[in-house]
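Participant: Quick one: the structure is below, and I'll ask about it shortly.
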Amino acid sequence: MSSEIRELMDKYLTWLKDKTAIRQMGEYVEITTPYLDRHNDYLQIYARKEDDSFLLTDDGYILNDLEMSGCRIDTPKRQQLLKLTLNGFGVQNKGREIQVLANSDNFALKKHNLVQAMLAINDMFYLAEPLVLSIFYEDVVMWLDINEIRYTPRVKFTGRTGYDHSFDFVIPKSRNRPERIVETINRPNKDSAMSMAFAWLDTREVRPPESKALAFLNDKEQAIPLEVMEALRNYEITPVAWSQRENIRAEIAA
């Protein structure tokens, strides 16, 4: 199993490198990543040299795009959730931009953190209907609280590659159940599934061997693609459709 996981990790990193393109744009370098946003466009970030450091930024794309789509995040609760998410990836927002400073030693790690933060914020706050008031993450928190399920929110682990990975919840080990790492996916698609798969593959070797991973998938607005369910299961992640959450309650409450 260990050698198989390492082979999958190597394939993922090769894909990431081969599918990344760079282009000089004035004082910035545009970095096009293989990750898709909700418009099926490749996510892009921009790098600029600042003395001995590099400023990496999304140029305001994520927050501006959400606002233009009718999803405002200016309420105190959503601002707090945004701050928690940014802190979990070690990045910050300045004005409308999501950005981070890097140096030559940690450039790859900081770039990874910025892209993952962009994906997480876009997924967390994007709502299919602008007038919908709840956020899927908040729905999951409420459900966990109502059922008195113990959890630690916003936990960060460093994987075998040295990359940091932020997970929404960790349910601690009990007498009857192992540690359970839980992620919420508001907009289930192939990219979000593969992003979690990479995080889990990279993390599982530094967690207790019996640890399990689960993904809560939002199916309130649309059906979950079969390929998403299959991809998660292939990487030993248990997919849980939100409409079927009661089927898993006993397992994660124990």
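Values quoted throughout were computed directly from the atomic coordinates according to the rules given, and no laboratory measurement underlies them. Fair warning: this is a prediction, and the values are worked out from it, not measured in the lab. Every residue, glycine among them, receives a Cβ derived from its backbone with ideal geometry; neighbour counts consider all protein chains shown.
Participant: Kindly work out what percent of the DSSP beta bridges joining two residues of the stretch 136-253 are antiparallel, to the nearest 5.
Facilitator: Details: 9 of 20 bridges.
Percent antiparallel among DSSP bridges in the stretch 136-253 is about 45.
Participant: Based on DSSP H runs of at least 4 residues, each adding -39500 (n - 2.57), what is the mean residue ellipticity at 222 nm of the chain after dividing by all its residues, to the nearest 500 deg cm²/dmol?
Facilitator: Details: 8 runs with 98 residues, N = 254.
That calculation yields -12000 deg cm²/dmol at 222 nm.
Participant: Cut-off 10 angstrom, C-alpha nodes, Gaussian network model of the chain. Which of G90, G26, G70 fluctuates the most?
Facilitator: G26
Participant: Same structure again: What would the Debye formula give as log10 I(q)/I(0) at q = 0.10, 0.12, 0.14, 0.23 Å⁻¹ for the alpha-carbon point model of the stretch 136-253, no solvent?
Facilitator: Debye curve over Cα of the stretch 136-253, log10 I(q)/I(0) at q = 0.10, 0.12, 0.14, 0.23 Å⁻¹: -0.27, -0.39, -0.54, -1.50.
Participant: Note down the relative contact order for the stretch 25-75 as a percent, whole number, built from C-alpha pairs under 8 angstrom at least six residues apart. Spell out each step's value before the answer.
Facilitator: Details: 52 pairs, mean separation 12.0, N = 51.
Averaging sequence separation for qualifying contacts and normalising by length gives 24 percent for the stretch 25-75.
Participant: What number, in percent, do you get for the relative contact order of the stretch 19-125 if the mean sequence gap of Cα pairs under 8 Å and at least 6 apart is divided by its residue count?
Facilitator: Numbers: 152 pairs, mean separation 25.2, N = 107.
With pairs under 8 Å counted, the relative contact order is 24 percent.
Participant: Moving on. Roughly what % antiparallel, to the nearest 5, for the DSSP beta bridges in the chain? Walk me through the intermediate numbers first.
Facilitator: On the way: 32 of 43 bridges.
Taking every DSSP beta bridge within the chain, about 75 percent pair in antiparallel fashion.
Participant: Take the Cα atoms of the stretch 1-105, build their convex hull, and give its volume per residue in Å³. Present the calculation step by step, with values, prior to reporting the outcome.
Facilitator: On the way: hull volume 16.8 nm³, N = 105.
Looking at the stretch 1-105, the number lands at 160 Å³ per residue.
Participant: Under 27 Å from the Cα of K17, which lysines turn up, not counting those fewer than eight places away in the same chain?
Facilitator: Reachable lysines: K49, K110, K111, K156, K190.
Participant: Here is a follow-up. What number results when the radius of gyration of the stretch 190-254, computed over Cα atoms, is divided by 2.2 N^0.38 Å? Write down the numbers at each step before the final one.
Facilitator: Details: Rg = 12.3 Å, N = 65, 2.2 N^0.38 = 10.7 Å.
Relative to the rule-of-thumb radius for its length, the stretch 190-254 sits at 1.15.
Participant: Quickly work out the K77-to-E30 label distance, labels modelled 7 Å from Cα along the C-beta direction, and quote it in nm with one decimal.
Facilitator: Here the answer is 3.9 nm between the modelled labels.
Participant: Can you give me the relative contact order of the chain as a percent, contacts being Cα pairs under 8 Å and 6 or more apart?
Facilitator: Computed value for the chain: 13 percent relative contact order.
Participant: If you stretched the chain out fully between N234 and W15, how much longer would it get, using 0.36 nm times the residue separation minus the C-alpha to C-alpha distance?
Facilitator: That works out to 77.0 nm of additional length.
Participant: Evaluate Rg over Rh across the chain, taking Cα atoms for both radii and Kirkwood's formula for Rh. Please list the in-between numbers first.
Facilitator: Details: Rg = 18.1 Å, Rh = 19.0 Å.
A ratio of 0.95.
Participant: Continuing with the same structure: Hey, in the GNM for the chain with a 10 angstrom Cα cutoff, which one of I62, I149, I237 fluctuates hardest?
Facilitator: I149
Participant: Identify the GluC sites (Glu not before Pro) of the stretch 165-247 meeting these criteria: DSSP loop state and at most 11 other C-beta atoms within 10 Å of the C-beta.
Facilitator: Values: sites: E179, E183, E205, E210, E221, E227, E230, E236, E246; in loops: E179, E205, E210, E221, E236.
Those satisfying the criteria are E210.
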